1. FRET efficiency for residue A:55 and residue B:17, Cβ-Cβ distance as r, R0 = 60 Å, nearest 0.05?
2. Which three extents, in whole angstrom, do the alpha-carbon atoms of chain B cover along their principal axes, largest first?
3. Angle, helix A:16-31 long axis vs. longest principal axis of chain A, Cα atoms, 0 to 90°, nearest 10?
4. Using only alpha carbons, build the gyration tensor for segment B:240-353 and give me the equivalent ellipsoid semi-axes, biggest first, whole Å.
5. Suppose we take every Cα in segment B:140-214 and form the convex hull; what volume per residue is that in Å³?
6. At a Förster radius of 60 Å, what calculated FRET efficiency corresponds to the Cβ-Cβ distance of residue B:138 and residue A:112, to the nearest 0.05?
7. For segment B:339-384 and segment B:283-305, what is the centre-to-centre distance using only Cα atoms, to the nearest Å?
8. Once you have the alpha carbon radius of gyration of segment B:290-341, what is it after dividing by 2.2 N^0.38 Å, with N set to its residue count?
Ligand code: FES
Ligand SMILES: [Fe+2]
């Protein structure tokens, strides 16, 4: 697989292919449980958002499944390494299948790029394997010649269903 | 195989002074009997006024495993009806909530019912002439749950005619609802922010017991709250403590903290943790809120309301409320080994939005299927549900700080790490399970 997005961008403005590679690489890092590298893809003021409501617009006064800043995300990553993280004994594993990300908007002047990616996400632990269908929207910008995620929004198709534990990242 | 149906002695024998038999968690027969006795004999929470504000508004829920719906009738009264068509049993509403207008219409053969449940019309009515239809059960319409009580906006229903009346069932425990509601400057709550739903492969009572289990947070939540504390230690000095850290870190409080915080025991299985202080005591002030409370209640009373920091108030059989954070958790039984947990949040009417923001943050950080704190707990319940099948020991121990004369006492505040509330819940369980059997 091309690790293009890992390298600095070829020019000041990312190409569509560079945006796509970056999104694909993000999913791959999660699947490979390279969470520290994964976290590095996020800007310091980034948010990871999983709405609870179909077409949710407000993460503040409407509940979400997740609405986490980098501090909370790094706590999750640290927790996964913990010796007393009993819900991860044994560990969960996950698997992403992405459709080719679509570049929804490129605003070079505002340094803002948005992609939209349909995906199936499978999380498994012990005997259980659970399939989730979702759309990921990535809001990205260029920082010091590299792409960073400012907001990743994951809309699960059955966001309002009663789930069991969802332990990793979609 | 039936061992317990109609066998009062066998059911009572499941609950001893200091331990309970594993069948209360794993036996499908015991579960069925709970649905026939514990839930119908109790005042069960069915919803909040604000979910059905207008005539024709309805909301579907369950009492035990029985589907019921709340509906606001034209006269403003809320009725609780069995959500079942008197013709062939079809569930009447297709969505969980909505507005039905002036009447319900069954989607199968179009029998229709007024919003108080009474039969309004049947197509081809002539076909029932001279059949004695008027004497049938169906002619009475959708069966109402006869005992409904609205306590300051919180709706409770009791299916059986027997059992205790509302005041005797709840007694002084309603003070926790009072405190949660009084935190609004106008004394009013509104369901807000959406409901989190979380499926648990374990018995519903494990969740109820856990609400007063203060010996587990620093152990089970070391993974989540402990990591928060560790990561937060590395923040540069002088960094403002984020709301999320304020919410999660207190789960790592010491045994001493929980011992001293105290637990109060009321009649009928109700009780609350956090008599003196709680994990909610040290939240930072929300700008403008105290001023509003002071204007509404006067300084002294406003202080008294906000100084009350009850942690978890458990109402038998299956809800818990958190007054200081305006949250209600509903543990809905599905099978002996399956429970749906609904976490509802409330807005304090006429209070700053930041309070709702904190409530929602609490809910998603602690109670969501994606919450790391929730993962810690569910892992323990599911391990217990499996482990209880071991024949090595058929009894669950609830002995901590037992005192032989406790069964006669009520409205006492005891050591915050006592398992008295759990013993007390099982005494109530035994009582409502065998009531009228
Ligand atoms: S089942 Fe409802 S009208 Fe026939
Ligand atoms: Fe817990």
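Read-outs throughout are calculated quantities, based only on the coordinates presented, and are distinct from any laboratory measurement. Bear in mind the structure is a predicted one, so any value in this text is a computation, not a measurement. Neighbour counts are summed over all protein chains in view; Cβ atoms, including those assigned to glycine, are modelled from backbone coordinates with ideal geometry.
1. Values: r = 54 Å, r/R0 = 0.90.
Computed FRET efficiency for residue A:55 and residue B:17 comes out at 0.65.
2. Ordered largest first, chain B gives principal extents of 84, 57, 38 Å.
3. Helix A:16-31 and the main axis of chain A meet at about 20 degrees.
4. Numbers: eigenvalues 141, 63, 54 Å².
Those come to 27, 18, 16 Å.
5. Per residue, the Cα convex hull of segment B:140-214 comes to 204 Å³.
6. Step by step, r from the Cβ atoms, then E = 0.45.
7. 25 Å
8. Numbers: Rg = 16.2 Å, N = 52, 2.2 N^0.38 = 9.9 Å.
Scaled against compact globular proteins, the figure is 1.64.
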